[in-house]
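Read the structure below first, then the notes.
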Amino acid sequence: MNLLKKRTSIFAMVVIMITLTFMSAFAAETKYENWVEVADAMSEHLQKAVEVYKPGDKDAKKAATDAINVAYFKFYEKIGFEKTTMSAISGQRGSMVEHQFYRAKNSIKEDADPKEVKDEIDALITYLHEDANTLDGTSGDSKSTGESQEDANSLSTGQLLGELLKRFGTFFAVLGLTLREGLEAILVIAAIAAYLSKTNNRIYLKGVYIGALLGIVFSAVLAGVFNIIANTVGEVESGMGQEIFEGIGMFLAVIVLFYVSNWMLSKSEVEVWNRYIKNKVEQSVSKGNYFALAFTSFLAVAREGAELILFFQGMRTGISDNPMHMWIGLLVAAIILAIVYYLIAKVSVRLPLKPFFTFTSWLMFILCLSFLGKGIGELQEADVIGRTIVPWMNGWSAEAIGIYDRYENLIPQIILLVVTIASVIYQNNRNKKIRAELEASQEKK
């Protein structure tokens, strides 16, 4: 009964951690009736950029650039115009508009003729209003056509389908990430607990559960810190500070993911995993070190909790657009985790270790590539890194997995891919060697 209470407490703390992680992610936003109103608001700032721009005048150039940044960060990105365009129209269209923002700012940076700057900004305004009309299910020239109602209905249907896809995409993203991180922590703790029970060392179980609880508390505190920082930086009107912060957050996620994916891959063989758990436990038990097991459990939970925070910090903008579906995803994940934990700890159900670790490590490698591309993209939006378009990609990009038609994004991803392949080859050879040594030692016995 006491053991069950401890398990229940851990699950309750997981729910509390998740709640604290996202509690501060939602702030009151100015509401607009439709996307045309948002486009109109952006147009005002973009027209202001045209009015104040003067070639060679440093202050005028800064004022013009700031006006464009307000249109982009305060409206196009923060309110969700960009993501809705990508989901309801196309990712290529979203990338094209985003690049037009860059072209407008770059023309100012290069001291272009005022007419050239005006042409770039006028093109941007046209794109924004075209997309707004499409998203609202209207057409700029509907009054002159006899099929306006049919077109409007068709566009409304496309908009609805895009919104549904976006919302359920948020649900599955939250569900998948939470399940993966929770399962990893549960597997480590349950494996250690199972080994202690089978070797009649139940006295150390208390340390395992205390370590897990401390790991959850640590993750919750860290989550609060991240959200406070994100909300504070997000108040900057231009949004540049937030983009830089999110970019750095994604780079940290890449580092953590790459390390953990290598660790998971190195334990993908059942024999290697069992030896890892046995060594950790026997080392603690042999020394009578009560705190060693607690610390091992703490690291398992704290590492996964920290990863989860980094994941959602990088996805924060998209998740904030769909709070209800985010909470549903978290609720479903919590229920599944509770069931899995009960089965593993109570009925000694074992997940297939090799497929689980192999799949998880590869998934993390893919996320590394995705987050690296997106992290660079965030810094590009903040004008920290430039953009050099890849001509042969013809504007194609896959924003969902962090692939963009820019050399600055693709080259680092290719380098990371090469390092990943080399790491996989090394880990596989290492696992084979360890397995051979274990089999040889068993034959001697």
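The values are calculated or read from the model by the stated rules, or taken from the named source; none is laboratory data. As the structure is a computational prediction, the values presented were derived from the model and not from experiment. Don't worry about glycine lacking a Cβ; one is built from the backbone with ideal geometry, like all the others, and counts go over all protein chains shown.
A compact table of results
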read-out	value
Residues that are buried (at least 17 other Cβ atoms within 10 Å of the Cβ) and modelled with pLDDT of 70 or more, drawn from region 219-242	Ser219, Ala220
Cross-chain or 6+ apart pairs with Cβ under 7 Å, region 350-376 first and more than 16 Å from Gln427 (Cα to Cα), then in a loop (DSSP other than H, G, I, E, B) and modelled with pLDDT of 70 or more	Leu369/Gly402; Ser370/Gly402; Phe371/Gly402; Leu372/Gly402; Gly373/Gly402; Gly373/Tyr404; Lys374/Gly402; Ile376/Ile385
Test: residue in region 82-90 that is modelled with pLDDT of 75 or more, assigned by TED's automatic domain parsing to the domain that holds Tyr127 and either under 20 Å from Lys115 (Cα atoms) or under 20 Å from the mean Cα position of the chain (by Cα) (or both)	yes
